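Written below as structure tokens is the structure these notes are about.
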Amino acid sequence: RRVVAAAPLISLLAAHPEMRMKLDARAGWTAATIEALAATERVEVIDLKGTAPGSSVHEPPDAGRYRRLARAFPDALFEDPVPELADLLPRIAWDEPVHGADDLERLPPPDAVNVKPCRIGSLAGTLRLVEDCRSRGIALYAGGHTEIGPGRGQAQLVASLLYPDGPNDLAPCPLAPSPLEPPPSLSGFRWESTGTG
């Protein structure tokens, strides 16, 4: 009963053996849930939701929880920790606080950046961030924003062109093995399938 939160993910992994996971860590995760998720050896990114106080998704910082997660998932990227506790984690990534390349100057140096073109606001700004990260040896990956609607296809195309090997949670649905083949009728700057699952 204590691993109920992990059970649906474990079933999904069984159906899609090539899939890796990006998980939103919750303060309510039990030790058994963490152990079950770690045992899959398929957790790529853990989103700590620590950089958006006042938002509906914010998770209050907790040094003990950060240490427990770091021990359980030593190879994962830890996205958006509270900056003051970032040094407790083996590898960090920034998402929510990055609206452009200049934001990297005010944050602890990351191992990766979750690129959100809709947050950056322009293709030129996105390309500048990508180039800046590459020059610093910072890995890139793509994040979801299920609410972006019409821009999702464009974000999928940018990800497939600029950081195709990074983890992502905005791949076209239904889930299909990589590499994806562009639809023959592709036109415009987007993937044809923009479902979010």
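The values are calculated or read from the model by the stated rules, or taken from the named source; none is laboratory data. Note that the structure is a prediction, hence the values are computed from the model and not measured. We work out accessible area using only protein heavy atoms, side chains counted, and drop any ligands, DNA or RNA first. Shrake-Rupley method; radii C 1.70, N 1.55, O 1.52, S 1.80 Å.
On the protein heavy atoms, probe 1.4 angstrom, tell me the percent of accessible surface of the stretch 36-150 carried by carbon and sulfur.
Answer for the stretch 36-150: carbon and sulfur cover 51 percent of the accessible area.
What is the Rg over Rh value, at two decimals, for the stretch 23-179, using alpha-carbon atoms and the Kirkwood definition of Rh?
The Rg/Rh ratio comes out at 0.95.
Heavy-atom accessible area per residue, the stretch 19-108, 1.4 Å probe: how many Å²?
In whole numbers, the stretch 19-108 has 46 Å² accessible per residue.
Normalising by the residue count of the stretch 77-119, find the relative contact order in percent from Cα pairs under 8 Å and 6+ residues apart.
Here the relative contact order equals 40 percent.
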